[in-house]
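To start, the structure itself, in structure tokens.
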Amino acid sequence: MAEGKIINDPVFGFIKIPRGPLMEIVDHPLMQRLRHIKQLGLASVVYPGAQHTRFQHSLGAFHLMSEAVVSLSQKGIFIFDSEAEAIKAAILMHDIGHGPYSHVLEHTLMEGVSHEDVSLMMMEQINSEMNGCLNLALNIFKDQYPKHFLHQLISSQLDMDRLDYLRRDSFFTGVTEGNIGSARIIKMLNVVDDRLVVDSKGIYSIENYLTSRRLMYWQVYLHKTTVGTEKMLVNLLSRAKGLMQEGKDLFATPSLKYFLQNHVDFDFFQNHKEALEYYGHLDDTDIHCSIKEWTKSDDKVLSLLAQNTVNRRPFKVEIHDTPISQARLTELEDELIQKTGVGREEVKHLYNVSTIQKDMYDIHDDRITILYKDGVMKDITEASEIINVQLLSKKIRKYYLCYHKI
């Protein structure tokens, strides 16, 4: 085992991590923290098998990146060994800044700070600890390197991140409609004028990829029960944060308490070095053990939401095609007050109004380009005979009303 370590992955089989910088990244505490953050947040309330982690996903994306480097090199696309190592390092760390339950609490514990912002901060910290050997990886990650196609392998409409999470999430949820031919897609990748393209023989795999992505979003990621549970957790953490900032002493782990007691935004993060340290110790466990204690709280709203979360009683969900009217919200508040006995101000924590918008393919973004044998290139929406470009690029907007079951 002198050359590296072998990890047995249920989706892709054996994944080899070579010794050196890549192994150092995998072993770093900030990477190991991802073992305790679920990839799909609270989707396990619907799909009990969805227990896989951000760490598993990062290793899977690394594996696919390794395959992509080999495939492109075989087609004569020259990639230096240093560049290959750099993009593998970048894809390993691309999700390192995710917080507890992945996207669910991204804007609850903090404001104006995305997981991408934190990922970059953590990558820079690891780079400093490794004496700058990740400078190239950071430049590629930030798209500040001359070879743009290397950045596209990390972040684009057809990157290794998406290819892994669709395969992996399909596998662990059991939603077979989301299964994609990732190996076939990678074999069909090519580069023209410093941009990723797909050889025309791969067009059917791309059609399946885009269709599967659409199905996975509405069947798994935005399943109404998952959304209802996530919104309930957001309201629960918001209530706890409000109570703590009013001076109430609630049980919480030190890392969680730091973000509940402080108003953390981007400037706060920049001016308080300890913020990143606390964040680096925060994972799903902090949230879960705190919520279990909150079920016994003397605050009626906090206790009710915590009990609902622990005992899997998600918010009821109404999905509308038009914005929720104020009259409907007033009616709902009156019903909730009568049923639960909470006050007019507190009742706002027992429901959530949100707008969810998703387009599966943006023709104005990093396009998926099909390359034909004669050198002609077409966007997938022009090349495909079955994909409806208007449907595919349509921005679907739905209005969600989630509330405590009456």
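For every helix of n ≥ 4 consecutive DSSP H residues, a contribution of -39,500 (n - 2.57) applies; sum these over the chain, divide by its total residues, and give [θ] at 222 nm rounded to the nearest 500 deg cm²/dmol.
On the way: 19 runs with 198 residues, N = 406.
Helix contribution divided over all residues of the chain: -14500 deg cm²/dmol.
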Next on the checklist: Springs between alpha-carbon pairs under 10 angstrom, Gaussian network model over the chain: which of Arg162, Arg239, Arg312 fluctuates most?
Outcome noted: Arg312
Checklist entry - Between Ala275, Phe12, Met65, whose Cα lies farthest towards the positive end of the dipole of the chain when Lys and Arg beta carbons carry +1 and Asp and Glu beta carbons carry -1, centred on the Cα centre? => result Phe12
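Return a whole-number percent for the relative contact order of the chain, with Cα pairs under 8 Å and 6 or more residues apart as the contact set. Could you put the intermediate results ahead of the total?
Values: 610 pairs, mean separation 65.8, N = 406.
Rounded, it is 16 percent for the chain.
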Next on the checklist: Taking 26 Å as the cut-off for C-alpha to C-alpha distance, list the pairs among Lys296/Lys398; Lys378/Lys398; Lys201/Lys224; Lys296/Lys405; Lys257/Lys292 that go past it.
Outcome noted: Lys296/Lys398; Lys378/Lys398; Lys201/Lys224
Item to check | Of [x] 150; [y] 138; [z] 198, the label for volume of the Cα convex hull per residue in Å³ derived from the coordinates | outcome: [x]
Item to check | Ranking by accessible area, most exposed first, for Val220, Val234 with a 1.4 Å probe | outcome: Val234, Val220
Checklist outcome for this item: Between the Cα axis of helix 224-245 and the main Cα principal axis of the chain, the angle (0 to 90°, nearest 10) is 60
Item to check | In degrees, nearest ten, helix 203-216 long axis to first principal axis of the chain (Cα) | outcome: 10
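Please state the relative contact order of region 27-69 as a whole percent: Cα pairs under 8 Å, 6+ residues apart?
Working: 31 pairs, mean separation 15.8, N = 43.
Reported as a whole number, the value is 37 percent.
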Checklist entry - Given springs between every Cα pair under 10 Å in a Gaussian network model of the chain, which of Glu111, Glu177, Glu331 has the largest fluctuation? => result Glu331
Checklist outcome for this item: Residue-normalised value, i.e. accessible area per residue, for the chain at 1.4 Å probe, in Å², stands at 45
Checklist entry - What percentage of the solvent-accessible surface of region 57-186, computed with a 1.4 Å probe over protein heavy atoms, is contributed by carbon and sulfur atoms? => result 49
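Does region 180-277 come out rounded, prolate or oblate, given a ≥ b ≥ c as the square roots of the eigenvalues of its C-alpha gyration tensor, rounded meaning a/c under 1.5 and, failing that, prolate meaning a/b above b/c?
Details: a/c = 4.68, a/b = 2.09, b/c = 2.24.
Here region 180-277 falls in the oblate category.
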Checklist entry - Cα axis of helix 284-294 to longest principal axis of the chain: angle in degrees, 0 to 90, nearest 10? => result 10
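The values are calculated or read from the model by the stated rules, or taken from the named source; none is laboratory data. Just so it is clear, the structure is predicted and the values come from calculations on it, not from any experiment. Ideal geometry is used to build each Cβ from the backbone, glycine not excepted, and the neighbour counts take in all protein chains shown. Surface areas here come from the heavy atoms of the whole protein model, side chains and all, with no ligands, DNA or RNA. Shrake-Rupley method; radii C 1.70, N 1.55, O 1.52, S 1.80 Å.
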